[in-house]
Every structure is written in structure tokens, then in C-alpha cells.
């Protein structure tokens, strides 16, 4: 499959939404469907940027709008538009020009967020702070989805993760098995770092974030030669 950059993908999505007769709101000027997303409230969690720096992220969502963003306790002044592109799947454009993608849990209480600049976050609705995390917080069975490349329907697959002692085996419904091995944990943010190898012969870097309530797990696995987020596989899992 030929890869497309996220801004190009966003332009294609915008065109399709305009053809579908969607409305345009003030703010970023992005067109999106009119029904509410059902995500109103304050979302809080940890984010890792492309350099590996960790900080807290807070989003306030109203309707289809990001109305406030707070990074490491400071308001960024960024706003944005969000729209649904599939079941539990959102895209968005922020007022600073950043494109974002989100996978939402079935109960709409957790979100995996990835930006075009490889900022990676896990957010929990109405969380207010992060606890101290332990390696044991990974342990157990997690069910959810994995996404790769452009995150289109054909690139989303259901998967189950079995985690114990810093090792997570992810078995996807398409038959691919991925082993994530974590040897480092930042206990203040719940970020696990390590490596991965899968049944397709790929290997490289891996990371995982546990939500503030320990009920949601976001993962990424990127081959050694990755350049863009679409080169990686992302997972969004709920504790089973």
C-alpha cells in the first residue's frame, strides 16, 4: 500500500465530508458531522513526545470541539475540531495545525491519541491526577484493537494482549502475534519502554501507557527504521 502523509489524508477526509453535506464551524474551519461525539468532559493523562519527554495532558471536549488544552499544567491556547471516521475512531485538526487521531474505548471513558509529530497519549475522562505505577499494573488480559498505516477500516484489527512480568503477547485476529518486552518504567507517568518482535519478522522499539484508573492500555511498536507514525502499529486495549 502506498503511504500517505497525515495532512494529505486530512485533506482527502475533508473533501469527503464536504461532499456528504456536513457543516463547518468557526475555529479551525474543518467540516465534520453534526451529531455530538458523546465525549463531553475533561480528559486527562500522560503524553510522550517524539523525543521521549513525558508530561501531563488535559483536553476539554464539548460537542465536536476541543475547547481547552493544558500541557504540564499550563494552558497551551490550542483549540480544535474533532470528527468521527469510524466506530470509536476520530480524527481532528488543532488550531496550531496539528493533525490528530484517536481510538476511543467502547465505554467512551478512555482514549489513545497520536499526532502527526509522534506525540503519544492515553487519556481518561474525568481523571484529575496520575497515580504511581508499578510493573504489575500491566499484568492481566486486555482486549481491544490495533491500528497501522492510515488507520482505515482494513487497517484496524481486533486483538488480545496477555501481559505478565513486563512481557505482553498480543494476538491479533488476523493471525499476527507481537511480543512486547518492557524493561523500563517511568512510575510517575505509567510509560513502559522496551522492544518488540512479531511473527512477520519485524522488530524494533515498543512503548505502552497505562491509564490513570489502570483500566486502559495504549501501545506502540515501531520497526527500527521507522520515520513516521504510519510506520508503526498502535494498540488500544481495555482490561478484561
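Taken together, the values in this text are just the output of simple stated rules run on the coordinates, not laboratory data. In this text the structure is predicted, and so the values were computed from the model without any measurement. Positions of Cβ are backbone-derived with ideal geometry, glycine not excepted, and every protein chain shown enters the neighbour counts.
Structure notes:
- Theoretical ellipticity at 222 nm over the chain - DSSP helices of four or more residues, -39500 (n - 2.57) apiece, nearest 500: -2000 deg cm²/dmol
- Note: the chain, Cα convex hull, 115 Å³ per residue.
- Gyration tensor verdict on region 67-180 (Cα atoms; rounded if a/c is under 1.5, prolate if a/b is larger than b/c, oblate otherwise): oblate
- Working from Cα pairs under 8 Å separated by at least six residues, relative contact order for region 135-239 is 25 percent.
- Calculated FRET value between residue 183 and residue 36, using beta carbons and R₀ = 41 Å, to 0.05: 0.45
- The Cα center of region 81-145 and the Cα center of region 192-240 differ in position by 13 Å.
- 0 to 90° range, to nearest 10: angle between helix 6-19 axis and the chain longest Cα axis: 40
- Averaging over all projection directions, the Cα-based convex hull of region 148-193 occupies 4.1 nm² in the image plane.
- Mean projected area (nm²) of the alpha-carbon convex hull when region 135-239 is viewed from all directions: 6.1
- Mean Cα-pair separation over length for the chain, i.e. relative contact order, pairs under 8 Å, 6 or more apart, %: 15
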